[in-house]
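Where a number appears in this text, it was derived from the coordinates with a stated rule and is not lab data. The structure displayed is predicted, hence computed values, not measured ones. Positions of Cβ are generated from backbone atoms using ideal geometry, with glycine treated the same way; all protein chains shown enter the neighbour counts.
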Amino acid sequence: MTKFRGFVLLIGIIPLLLACQDRPEVIKDLSEASFKVVNQDSSTVNFPQDFKGKYTIVGFIYTHCPDVCPVISAKLSNVNKQLEDNSDVQFVQITFDPKRDTPSVLKKYMQQFKQDKQNFTAITGDSATIDTLLSSMDILAKIADKKITENGEETYLMNHTNRILVMDKQARVRYEYPGSVVKEEHVIDDLNALR
Amino acid sequence: MYRILLSVLASILFLSCNSDKNSDPEVLSGQIEIKNKWMRPANADANSAGYLSIINGTAKTDTLLSVSSDAFEVAEVHESYETEAGLSGMRPAKNLDIAPGDSLVLKPGGLHLMLMSARQPITENDSITVNFNFKKAGERTVRIPVRSSN
């Protein structure tokens, strides 16, 4: 009888183990992290605490970036459009460049990508907080090429991590991608595997 | 006699035309074509990128020397690249030679028109004028339409 119970237990555990193998490991646990930042409407938000309870797809951008960052933002918009059900998903874009990316600048940028307020948030804040937030997510950015414009103003480009990531409902990073390269279907498949 | 004189003159003219073609390496047998053009919208003072293909339909290698547009303070050809530290960066592109029959393709994530500091907002369905300066073909001016960013 004891042998039979052991056999039944084993049969029960095997499917569980197999199911667990499909679940991605936690890459980074931000469930206890808390950063007071501001969104595109200048409202204070607590990242990632205020975003728990839904899957969060995060992209890292700066609005003066003409080539790679717009591709990342377009991919986030496309994922949102292509999801059959986006009721449990939200999108966050965090700027590398809080000095120039004020809430109003981010708001205009979002309009350019037709990102609705309901599902999309853009995040900026004071430079020190944004730097710490980015570091906590292993995101690097640095000023690379400074120029003086015709108006005598300083302008610059940045070298930065090219990343999109997916966090689960507990604010744990579960997937990371090369942001401007990953295919939208790939992100959607991974998200569905997490659900 | 008149007919013979006429045919001799025609032959001389024909040969001299041929000889001119061979002796002038700058004569272009075809055209530089710029197609598949589009760019992203830009808010005032913001940057944008333009994408297109330049096809060298001439018999000689040509080089894109510079670009300019009145719609932006600065226009250059840049390339996105990965730095040694694994970061995404941008730098001015050099040696933009296009061999005969070849194309120079500017596309997202690679070579692109780097359009810096828009003089005024440029929105979807607008278009801007961009001048391309080639070493052999000289100046080419095209309109680049603005497409949705998505």
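Beta bridges assigned by DSSP with both partners in chain A are antiparallel in approximately 70 percent of cases. Each residue of region A:37-139 gets 92 Å³ once the volume of the Cα convex hull is shared out per residue. Based on the Cβ-Cβ distance of A:THR149 and A:ASP50, what FRET efficiency does E = 1/(1 + (r/R0)^6) give at R0 = 45 Å, to the nearest 0.05? Calculated transfer efficiency: 0.75. Given a 10 angstrom Cα cut-off, can you work out which residue in A:LEU133, A:LEU157, A:LEU76 is the most mobile in a GNM of chain A? Between A:LEU133, A:LEU157, A:LEU76, it is A:LEU157 that shows the largest mean-square fluctuation. Comparing A:THR63, A:THR121, A:THR132 in a Gaussian network model of chain A where C-alpha atoms under 10 Å apart are linked, the largest mean-square fluctuation is found at A:THR132.
Would you kindly state the longest site-free stretch of chain A, with sites defined as GluC sites (Glu not before Pro) in a DSSP loop (not H, G, I, E, B) surrounded by at most 10 other Cβ atoms within 10 Å?
In short, A:85-149.
With all pairs of separate Cα atoms included, region B:51-100 yields a Kirkwood hydrodynamic radius of 13.1 Å. Normalised by the number of residues in chain A, what is the relative contact order in percent for Cα pairs under 8 Å and 6+ residues apart? Rounded, it is 28 percent for chain A. Using the Cβ-Cβ distance between A:SER127 and B:ASP102 with R0 set to 35 Å, the FRET efficiency works out to roughly 0.15. Sorting A:TYR62, A:TYR175 by the number of Cβ atoms found within 10 Å of their own Cβ, with the fewest placed first, yields A:TYR175, A:TYR62. What FRET efficiency would be calculated for the residue pair B:THR123, A:THR102, taking the C-beta separation as r and a Förster radius of 22 Å, to the nearest 0.05? According to the calculation, E is roughly 0.60.
Using the Cβ of B:VAL146 as centre and a radius below 11 Å, the other residues enclosed give a net charge of +2, where K and R count +1 and D and E count -1. Cβ-to-Cβ counts within 10 Å put A:SER104, A:SER136 in ascending order as A:SER104, A:SER136, the fewest first.
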